[in-house]
Amino acid sequence: MHELSLCENIVASIEEAALKEHFNAVVVVHLGIGKLSCVEPEALRFCFDTAIQGTIAESTQLVIEIFPGLAQCNHCGANLEIENYYDACSHCESFDLKILGGEQMQIESLEVM
């Protein structure tokens, strides 16, 4: 389950920001996850609750926003949203797609005290 190591990295980033920005507690973490990132949001939530124990983020609420998978068809040039890497173009049915977005996972913002 790679979600646990992702959560440990999130906590490390929060602790690094706390030292740099001089805050003592995190109330909410806003996290963006791309549809194509291979991250399971529910598994991430479960692991996050474990990873924050005993840290500055111990009572933090995790808010997840899912970003769509975006692609451009190399055959017809259409821009489209996709659910999976193996989706076909909804305009011409070609599988020759260039991924434009939706692979990311990032901390969008922190609400701190």
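Both radii come from the Cα set of the chain: Rg as radius of gyration, Rh as Kirkwood radius; their ratio Rg/Rh reads 1.12. Compared with the direct C-alpha span, the chain from GLN61 to ILE99 gains 10.6 nm at full extension, assuming 0.36 nm per residue. What is the local net charge at TYR86, summed over the other residues whose Cβ is closer than 15 Å to its Cβ (Lys, Arg +1; Asp, Glu -1)? Charge balance in the 15 Å sphere: -4. Shown in residue order for segment 80-91 are the 3J(HN,Hα) couplings computed by the Karplus curve 6.51 cos²θ - 1.76 cosθ + 1.60 at θ = phi - 60°: 8, 8, 10, 9, 9, 4, 8, 5, 9, 4, 6, 9 Hz (x for Gly and Pro). Dividing the mean sequence gap of close Cα pairs (under 8 Å, 6+ apart) by how many residues segment 2-112 holds gives a relative contact order of 35 percent. Quick check: net charge around THR60, other residues with Cβ under 12 Å of its Cβ, Lys/Arg +1 and Asp/Glu -1? Once all neighbours under 12 Å are counted, the net charge is -3. Along segment 96-113, what does the Karplus equation 6.51 cos²θ - 1.76 cosθ + 1.60 (θ = phi - 60°) give for ³J(HN,Hα), rounded to whole Hz, x for Gly and Pro? Per residue, the Karplus-derived 3J(HN,Hα) values read 8, 10, 9, 6, 10, x, x, 9, 7, 9, 8, 6, 7, 6, 10, 9, 10, 10 Hz.
Values quoted throughout were computed directly from the atomic coordinates according to the rules given, and no laboratory measurement underlies them. Every value quoted in this text rests on a predicted model; they were computed, and no experiment measured them. Don't worry about glycine lacking a Cβ; one is built from the backbone with ideal geometry, like all the others, and counts go over all protein chains shown.
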